[in-house]
Each structure stands twice: as C-alpha cells, then as structure tokens.
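Participant: Could you have a look at this structure, given as structure tokens, before my questions?
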Amino acid sequence: MTTSEQHPTSTTNTTTLVLGGTGKTGRRIAEKLTALGRPVRLGSRSAPIPFDWADRTTWGPALRGIDRVYISFQPDIAAPGGADTVGAFADLAVESGVRHLVLLSGRGEPEAQDAEARVRASGAEWTIVRASFFAQNFDEGEFLGPILGGEVALPVGEVGEPFIDVDDIADVAVAALTEDGHTGQVYEVTGPRLLTFADAVAEIARAADREIAFVQVPLEAYSAVLAEHGVPAEVIDLLSFLFGEVLDGRNAHVCDGVQRALGRAPRDFSDYARDAAARGVWKV
Ligand SMILES: NC(=O)c1ccc[n+]([C@@H]2O[C@H](COP(=O)([O-])OP(=O)(O)OC[C@H]3O[C@@H](n4cnc5c(N)ncnc54)[C@H](OP(=O)(O)O)[C@@H]3O)[C@@H](O)[C@H]2O)c1
C-alpha cells in the first residue's frame, strides 16, 4: 500500500496518523483513508517516521503536522500502565495541534476504560471504538498456528462472545475520522451474535473443509504450555487476564455500535469464515 502525506502550505493540517498502521485494524484503516484521498502517516516502529510506544522521544516527530489520530495501543489496551501511556500520548497530541482522537478500546476491561477516560479528558474531540474479540485473531492473530495445527486448546468453555470482523472496526474508525457526527460517541462494536470459542472453531472447520478440534484446558496448563514455547511473561499474564477474568460472561451480549455508527448491521462470523477460507488462509 502506498500512503500520501501532504506538506501543508497553510496552517491547517489534514494528515491522519494511524498507529499500528501495519496491524490488523490500522492497515485496513490506512488503506480505506488512502482510497478516500485522505493523507495518511503510518505510526509504527518500522514506519518512515518511526513511532514506538516504549520510546516517548518518537512521539513528537510522528505527531508533527497531524490533524487526527487513530490510536491502537501495544501490546494491549488492558496492559498494566497502558492507560497512563495512552493518556500521556493524548495530552501530547493535543499540545501538538491534533483535533480528533479515535481510540480502539476493549470491553469489560478496567484498564481499557481508564485509557478511554484519559483520552476523553485530553481536550481533543474524541471517539471511542470499544471492540469485542476480533474474528481475525483466527487468521491474522495468535490462533492461526493452532488452527493450522488442527487443534485449538484454550481455557474457555461455554461463554458466548460476539466476535467482530475487523473490517467493521475499520469502517467505524474511518467514519469517525472523516465524517461529522461521531465526536463524543462511545461505539461498543460487536458482531451480530454470540458464539462460543468451540462454535467459532467449528464454523472455521466447516468453511475450511478440515477437521479442527477445540479442547478446553485448565488455565494453569495453558499458561505452562505458553511458557514452554517461550511466550513472554507479560503476554502470558495478559492472556490469563483475558481468559481467566474478562471471558467470565460480562461481555456475553451483542451491542449496536456498528449499526449506530454506520447505519448497517455488522458482518456475521460465518461470512468472515467463508471469505477467509476462500483466500486459502487455513489450507495446510
Ligand atoms: N485482538 C482482539 O481481539 C482485540 C479486541 C479489542 C481490542 N483490542 C486492542 O487492539 C489493539 C491492537 O490492535 P491491532 O490488533 O489492530 O494491532 P496488531 O495487529 O496487534 O498490530 C500491530 C501493529 O502495532 C505496531 N507495533 C507493535 N509494537 C509497537 C510498539 N511498541 N510501538 C508502536 N507500534 C507498535 C506494529 O508495527 P511495528 O512492528 O512496525 O511496530 C503493527 O503496526 C490492542 O490495544 C488490543 O488491546 C484487541
């Protein structure tokens, strides 16, 4: 993808900084903005103007000449200290002349809701996109390996999750970044129905025409396997928090954020699975 940057000839900035611009949501948002003719700057460690959440000296240069920012935090919006870091970034963005911040957040996670509060308090116009579990975790994220291996073993049982298609998140974020009427909105975005993780894996197996097992395992056993595979302790802690606490039923309901923001229904998981399978992502 190519992105364009306009070097402003007047004092009006028009460029959007898309953080995580090569990731699951950011890549799509950058592509959609570019297709609309909007100047985009990618924000990531490998971008031409590098941006690193862990190195605050990189934030100022990335924000220079920027009007709006899409914020997707790394490693995870619910990570300890995430709210303070996002808050410090939002404050610097406002000082740098940014007008509108769009934050990607998570549901039912106190640290994520703290980060939202920090963005709301920054003085910028803001939009919060509070997303359910991404469908694309199964083909672009951490579950791709287990799916290809034929068995997904997770410490989660019968709880329902309204998996959301990341393309819907991107459409909501792009609307917030380009249209009037989204300032001050919290869009809680989910897919249209609840599925258990076992249901989701079964749909993927059907779409991919393969046998893929789902196995529920104890949380301790899951963490031990991750550690054996060299997964960093902070990532294991985040996954333990997600499976041990957040997936306790608190998020087992659908929300209308996609409908409110876009005036249309969210995509269904089976459409996601059919399209991803057609691209061959789950072929072995
Ligand atoms: N996955 C879910 O189900 C889910 C649900 C709700 C909310 N969320 C939230 O979504 C966010 C992640 O969004 P995503 O899935 O679109 O991203 P992602 O796919 O994890 O994208 C990774 C992107 O972040 C960049 N990156 C990695 N480390 C970085 C760092 N230290 N500083 C700056 N950039 C860095 C990467 O580029 P470089 O490698 O070049 O830096 C890449 O562009 C998290 O805050 C998570 O909490 C996720």
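Participant: Can you tell me which residues in segment 184-197 are away from the ligand (no atom under 12 Å from the Cβ) and closer than 16 Å to SER105 by Cα?
Facilitator: Matches in segment 184-197: GLY184, GLN185, VAL186, TYR187.
Participant: Considering segment 97-120 alone, what residues qualify as being open to solvent by 40 Å² or more (accessible area, probe 1.4 Å) and farther than 25 Å from ASP180 by Cβ?
Facilitator: PRO110, GLU111, GLN113, ASP114
Participant: Out of curiosity, is ARG264 without any contact (Cβ under 8 Å) to a residue 12 or more places away in the chain, farther than 26 Å from PRO110 by Cβ and basic (Lys, Arg)?
Facilitator: Taking the combined requirement at face value, the residue satisfies it.
Participant: Right, another one. Do we find that ALA121 is of a type outside the set (Lys, Arg), more than 16 Å from the ligand (Cβ to nearest atom) and either more than 26 Å from ALA265 (Cα to Cα) or modelled with pLDDT under 95 (or both) in this structure?
Facilitator: It is true that ALA121 is of a type outside the set (Lys, Arg), more than 16 Å from the ligand (Cβ to nearest atom) and either more than 26 Å from ALA265 (Cα to Cα) or modelled with pLDDT under 95 (or both).
Participant: Out of all the residues in segment 261-284, is one or more open to solvent by 60 Å² or more (accessible area, probe 1.4 Å), in contact with a Phe, Trp or Tyr (Cβ under 8 Å, 6 or more places away or on another chain) and part of a helix (DSSP H, G or I)?
Facilitator: So far as segment 261-284 goes, no, none of its residues is open to solvent by 60 Å² or more (accessible area, probe 1.4 Å), in contact with a Phe, Trp or Tyr (Cβ under 8 Å, 6 or more places away or on another chain) and part of a helix (DSSP H, G or I).
Participant: Go through VAL189, VAL225 for me and flag whichever is in contact (Cβ under 8 Å) with a residue 24 or more places away in the chain and surrounded by fewer than 18 Cβ atoms within 10 Å (Cβ to Cβ).
Facilitator: Every option except VAL225 fails the conditions.
Participant: Quickly run through segment 133-160 and pick out the residues that are near the ligand (Cβ under 10 Å from one of its atoms) and open to solvent by 10 Å² or more (accessible area, probe 1.4 Å).
Facilitator: Result: PHE133, PHE134, ASN137, GLU140, GLY141, GLU142.
Participant: Report whether or not ALA277 is at pLDDT 95 or above, over 17 Å from GLU161 (Cβ atoms), in contact with a helix residue (DSSP H, G or I) (Cβ under 7 Å, 6 or more places away or on another chain) and not β-branched (Val, Ile, Thr).
Facilitator: So ALA277 passes the test.
Participant: Another question, if that's okay. If the Cβ limit is 6 Å and pairs must be 6+ apart or interchain, which residue in segment 45-63 that is more than 13 Å from GLY21 (Cβ to Cβ) pairs with which residue that is among the aromatic types (Phe, Trp, Tyr) and near the ligand (Cβ under 8 Å from one of its atoms)?
Facilitator: The qualifying pairs are THR58/PHE51.
Participant: Of all residues in segment 228-260, which are open to solvent by less than 60 Å² (accessible area, probe 1.4 Å) and of a type in the set (A, V, I, L, M)?
Facilitator: Listed by number, the residues that qualify are VAL231, VAL235, ILE236, LEU238, LEU239, LEU242, VAL246, LEU247, ALA252, VAL258.
The values are calculated or read from the model by the stated rules, or taken from the named source; none is laboratory data. All of these numbers come straight from a predicted model, not from anything done at the bench. Here Cβ is always computed from backbone atoms with ideal geometry, including for glycine, and neighbour counts include all displayed protein chains. Just the protein is used for accessible areas: all its heavy atoms, side chains included, with ligands, DNA and RNA removed. Shrake-Rupley method; radii C 1.70, N 1.55, O 1.52, S 1.80 Å.
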